[in-house]
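Visitor: Have a look at this one.
The values are calculated or read from the model by the stated rules, or taken from the named source; none is laboratory data. Predicted, not measured: the structure shown is a model, and the values here were computed from it. Glycine gets a Cβ as well: all are built from the backbone with ideal geometry, and neighbour counts include every protein chain shown. For accessibility, only protein heavy atoms count, side chains too; no ligands or nucleic acids. Shrake-Rupley method; radii C 1.70, N 1.55, O 1.52, S 1.80 Å.
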Amino acid sequence: MEMNTLVSIVLLLLIFVLLVRVTSLQRQLNELKRDVERLENGSTDSVRSDFNYTLSPKEASPSHTSQPAQTDLDQELLTLIQQGKKIMAIKRLREARGLSLKEAKDYVDSLDR
């Protein structure tokens, strides 16, 4: 009887973990759907309201005529871009700042200009 109880508890914990993971994946899927809709509708200028939003170098500078301050990460990204490794730069930025694919691509594109 004790073995059945232990198996039942383990199964309940496993079900709970899987439900949490499915919920997380559903949220991510919904975010991706919204991003795709924005891209398809051409509204790429919309600003995300979540806490992960990071300003592009142009948005971060107080004046568009002055050069934004370069961070170590920006220097690393510029080096990757100059080496023709733009996808690697986007991946590195996403890992460092937790940005969405679109946000990271836009940021890297703004550095490339």
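Visitor: What are the residue pairs meeting all of these: first residue in the stretch 96-112, first residue farther than 16 Å from Glu76 by Cα and among the polar types (S, T, N, Q), second residue open to solvent by 20 Å² or more (accessible area, probe 1.4 Å) and in a helix (DSSP H, G or I), Cβ atoms under 8 Å, and 6 or more apart or on different chains?
Guide: As it stands, the answer is Ser100/Glu31; Ser100/Arg94, since those pairs meet every condition given.
This table checks each residue for (1) closer than 20 Å to Arg113 by Cβ; (2) modelled with pLDDT of 90 or more; (3) loosely packed, with under 10 Cβ neighbours inside 10 Å.
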{"residue": "Phe16", "(1), (2), (3)": "no, yes, no"}
{"residue": "Arg38", "(1), (2), (3)": "no, no, no"}
{"residue": "Glu59", "(1), (2), (3)": "yes, no, no"}
{"residue": "Gln83", "(1), (2), (3)": "yes, yes, no"}
{"residue": "Lys86", "(1), (2), (3)": "yes, yes, no"}
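Visitor: Quick one: is Gln26 more than 24 Å from Ala96 (Cβ to Cβ), under 22 Å from the mean Cα position of the chain (by Cα) and at pLDDT 90 or above?
Guide: Spelling it out, Gln26 is indeed more than 24 Å from Ala96 (Cβ to Cβ), under 22 Å from the mean Cα position of the chain (by Cα) and at pLDDT 90 or above.
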